[in-house]
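Below is one structure, written out as structure tokens; comments come after it.
The values are calculated or read from the model by the stated rules, or taken from the named source; none is laboratory data. Computed from a predicted structure; not experimentally measured. Virtual Cβ from ideal backbone geometry, glycine too; neighbours counted across all protein chains shown.
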Amino acid sequence: MMRPFDYLTLMQFAWAFLAIIGFSVRSNLKGIRVLFTGLGGGLCWASYLIILYYTKSMLLSVFLAIILVCIYSEVVARKLLTPVSVFVICVIIPLVPGRSLYYAMRAYISGQSMQASKYIFDTLMISGTIAMAIAIVASATNLILRLRHRF
Amino acid sequence: MNKISLQECSKLALETGRIILQSGGTTNRVELMMHKVCQGFGFEDSESFVTPTGIFLSLSDGDEQISTRIKRIEQRRIDLGKITQVSKLVNALQADIHNSRPLGETRSRDFYQELVRIDRENPYPTWVINLSGGATSGFFCLLFGGSWIEFAIAFLIGCLISLSLKYISKLPVNNFLLNALASALIVLLAKTIDTWIPNIRLDNIIIGGIMILVPGLALTNAIRDTMSGDLVSGTARGVEALIITIGIVAGSGAMLKVWDLLGY
């Protein structure tokens, strides 16, 4: 288990940053936005690791990290005149459960159904948590914008 | 300033909607942008119904004249740059309304030309796209604890997958088969390289490749659509995410099993 705020976390941040820059260039995003989506991706992964260190609970850290970066993208995307969903799509990629999906598949093929069902459960729970966090931030923003519009 | 005809306006709005929807915009955004275009050219009364596979747009000029068009959306690919640019274009239209209202024929011709330019444009050459696919896969490999040599292999595989995705998507294959073929190719390449280079862990490399394919866009759009009340597109996109996931698992699983059976 790595300690938060040491150079390992920094390196993980850098790798998530570069990976998300690659992803957003691949989906034709241009200019300064590429930098900011990368920053969001790094923030997502780094905050996940730090919260995981303190709380020791995977789902809670996924939830809080996604809420954090969704708020980040609601704020930054409006400043950069970009649709918010463009930012959210790029920024959540590091936490999308590709890893547990692969492990589930591999365990299932080698005949370990117990392991496989554990990983499938993980995959479903993580996707559900991500969905919940996105939904909460999206509806909260909607509410705030409407209230501000009215008063 | 003379107003443009009903037919022309509905054509413009539909073209705007098509570009955004094909590049992976949310339903809410497509409807909003089409409404803004109609409003800008002087037709306040417009109704639209958008699903991920088609757009219905009905436009009336206040009297008995009504123009309704349906556009079927066949091919979709992620292109966040186009969504951003079209949104910017439509918002510029909103700003112009304050000067002259409603906007006339010259402005509509400019708008259409801009749309065509955005639709044709590829901001990056192919090799940049392939290299950035490689970067995504390589750095995800490092992120999940790979070594530098595994990074290099994942980078190479990512580039090859980006290159081959371009050609596979030209074939008449559906979303499921596309992802299954791509993930089978990832496993095949990784296993082939594994026979030449000893002492590498394949897991990180394959996961790095899979991270290119994961349905982040479908997941996000499904949630955002459902939350903004577009239940039909929300469910449709949720199913799309599920199908893509099953495709990835089926492809890579089948290839792993075949490789095992061949006995290497």
Of the criteria (1) part of a helix (DSSP H, G or I); (2) closer than 22 Å to A:L39 by Cα; (3) more than 21 Å from the chain's Cα centre (by Cα), which one A:R146 fails: (2)
Test: residue in region B:116-126 that is farther than 28 Å from A:F87 by Cα, out of contact with any His (no Cβ under 8 Å at 6 or more places or on another chain) and loosely packed, with under 15 Cβ neighbours inside 10 Å: no
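Residues are listed down the side, and each one gets a yes or a no for (1) among the polar types (S, T, N, Q); (2) more than 8 Å from every other protein chain (Cβ to nearest Cβ); (3) under 16 Å from A:V88 (Cβ atoms):
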| site | (1), (2), (3) |
| --- | --- |
| A:A14 | no, yes, no |
| A:A19 | no, no, no |
| A:S24 | yes, no, yes |
| A:L29 | no, no, yes |
| A:R33 | no, no, yes |
| A:L49 | no, yes, no |
| A:T55 | yes, yes, no |
| A:F63 | no, yes, yes |
| A:I67 | no, yes, yes |
Test result for A:T129, part of a helix (DSSP H, G or I), more than 13 Å from the chain's Cα centre (by Cα), hydroxyl-bearing (S, T, Y) and at pLDDT 90 or above: no
Any hit, region B:44-51, residues being outside any helix (DSSP H, G or I), within 20 Å of B:N175 (Cβ to Cβ) and at pLDDT 90 or above: yes
Close pairs (8 angstrom Cβ cut-off, 6 or more residues apart or separate chains): at the interface with chain B (Cβ under 7 Å from one of its Cβ atoms) in region A:92-106, of a type in the set (S, T, N, Q) anywhere: A:I92/B:T220; A:V96/A:S127; A:L101/A:T123; A:L101/B:T245; A:Y102/B:S252; A:M105/B:S252
Among residues of region B:216-247, those that are more than 10 Å from chain A (Cβ to nearest Cβ) and among the charged types (D, E, K, R), counted: 3
Unique residue being more than 21 Å from B:E114 (Cβ to Cβ), surrounded by fewer than 21 Cβ atoms within 10 Å (Cβ to Cβ) and of a type in the set (D, E, K, R) when the list is B:R72, B:R18: B:R72
Per-region count, region B:31-51, residues closer than 28 Å to A:C90 by Cβ and surrounded by fewer than 24 Cβ atoms within 10 Å (Cβ to Cβ): 6
Scope region A:37-80; condition of a type in the set (K, R) and either buried (at least 19 other Cβ atoms within 10 Å of the Cβ) or in contact (Cβ under 8 Å) with a residue 12 or more places away in the chain (or both); matching residues: none
Residue in region B:109-119 that is assigned to a helix (DSSP H, G or I) and among the polar types (S, T, N, Q) present: yes
Selected residue [of a type in the set (S, T, Y) and touching a Ser or Thr at 6+ places or on another chain (Cβ under 8 Å)] from B:S183, B:S169, B:S108: B:S183
Tally of residues being surrounded by fewer than 24 Cβ atoms within 10 Å (Cβ to Cβ) and over 14 Å from A:G98 (Cα atoms) across region B:234-249: 7
Residue that is closer than 27 Å to B:V86 by Cα, within 13 Å of chain A (Cβ to nearest Cβ) and modelled with pLDDT of 90 or more, where the choices are B:S183, B:S132: B:S132
Boolean, A:I134 is in contact with a Leu (Cβ under 9 Å, 6 or more places away or on another chain) and without any contact (Cβ under 8 Å) to a residue 60 or more places away in the chain: no
Residue match in region A:107-119 (condition: within 23 Å of B:I210 (Cβ to Cβ), at the interface with chain B (Cβ under 10 Å from one of its Cβ atoms), over 15 Å from the mean Cα position of the chain (by Cα) and not hydrophobic (A, V, I, L, M, F, W, C)): yes
Every pair of residues 6+ apart whose Cβ atoms lie under 6 Å, when the first sits in region B:195-215 and is more than 12 Å from chain A (Cβ to nearest Cβ) and closer than 17 Å to B:L142 by Cα while the second is part of a loop (DSSP other than H, G, I, E, B) and at pLDDT 90 or above: none
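Residue-by-condition table, conditions (1) part of a helix (DSSP H, G or I); (2) closer than 20 Å to A:R99 by Cα; (3) under 17 Å from the mean Cα position of the chain (by Cα):
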site	(1), (2), (3)
B:Y124	no, no, yes
B:T136	yes, yes, no
B:F139	yes, yes, no
B:G146	no, yes, no
B:I149	yes, yes, no
B:A152	yes, yes, no
Qualifying residues in region A:13-33 (those that are buried (at least 21 other Cβ atoms within 10 Å of the Cβ) and β-branched (V, I, T)) - the one farthest from the chain's Cα centre (by Cα): A:V25
Those residues of region B:159-172 which are in a loop (DSSP other than H, G, I, E, B) and within 16 Å of the chain's Cα centre (by Cα), in sequence order: B:S169, B:K170
